[in-house]
Amino acid sequence: MVFRVRDLMVRQRTQTINAIRGHLAEFGLVAAQGLFHAAKLVAAIEDKGTAIPEAARPILSLLVAQLRSLDERVAVLDREIARRAKEDAEARRLMTIPGIGPITATALAALAPIARRSG
């Protein structure tokens, strides 16, 4: 369940970022796609010197608050997944593989158990 809830929160965060990007594009403020570039958009909303109409700022601030809330929720779920990964021997072993972190290791351990050879 933790993976499905995390996926939902990540999708909602992406939708919120895209909404912010779309609304700011109407005012000529453009940033590249992605979570990293969302910080530039948030900074533009919070900067009173940008060309955003004052009537739009409170509405855009609601989206910023939603984005921050979703970031916090994803972080909580990431910590829960990391905790579970530390407690699971199979997940710990999988994390020794380069590029496999707690999320992937825990998902593999939970959803695709290691095949055992019968002898």
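Return yes when Leu77 is surrounded by 13 or more Cβ atoms within 10 Å (Cβ to Cβ), under 16 Å from the mean Cα position of the chain (by Cα) and more than 18 Å from Val2 (Cα to Cα) and no when it is not.
No, not satisfied.
Between residues in the stretch 21-50 that are under 18 Å from Asp71 (Cβ atoms) and residues that are polar (S, T, N, Q), which pairs lie under 6 Å by C-beta distance while being six or more apart or on different chains?
Between residues of the stretch 21-50 that are under 18 Å from Asp71 (Cβ atoms) and residues that are polar (S, T, N, Q), the close pairs are Ala44/Thr50.
Please go through the stretch 65-90 and give me each residue that is farther than 22 Å from Val10 by Cα and part of a helix (DSSP H, G or I), ordered by number.
Across the stretch 65-90, the qualifying residues are Lys86, Glu87, Ala89, Glu90.
Kindly indicate whether any position in the stretch 91-105 is outside any helix (DSSP H, G or I) and either of a type in the set (Gly, Ala, Ser) or within 30 Å of His23 (Cα to Cα) (or both).
Yes, the stretch 91-105 contains a residue that is outside any helix (DSSP H, G or I) and either of a type in the set (Gly, Ala, Ser) or within 30 Å of His23 (Cα to Cα) (or both).
Quickly run through the stretch 87-109 and pick out the residues that are among the hydroxyl-bearing types (Ser, Thr, Tyr) and surrounded by 17 or more Cβ atoms within 10 Å (Cβ to Cβ).
Hit for the stretch 87-109 is Thr106, nothing else.
State the number of residues belonging to the stretch 1-35 that are among the polar types (S, T, N, Q) and farther than 16 Å from Leu63 by Cα.
Final tally of qualifying residues: 1.
Answer yes or no: is there a residue in the stretch 38-51 that is modelled with pLDDT under 95 and either closer than 15 Å to Phe3 by Cβ or of a type in the set (Lys, Arg) (or both).
Among the residues of the stretch 38-51, at least one is modelled with pLDDT under 95 and either closer than 15 Å to Phe3 by Cβ or of a type in the set (Lys, Arg) (or both), which makes the answer yes.
What number of residues within the stretch 28-52 satisfy the criterion of being outside any helix (DSSP H, G or I), of a type outside the set (A, V, I, L, M) and in contact with a helix residue (DSSP H, G or I) (Cβ under 9 Å, 6 or more places away or on another chain)?
Of the residues in that region, 4 qualify.
The values are calculated or read from the model by the stated rules, or taken from the named source; none is laboratory data. If you're wondering where the values come from, they're calculated on a predicted model, not measured in any experiment. Ideal geometry is used to build each Cβ from the backbone, glycine not excepted, and the neighbour counts take in all protein chains shown.
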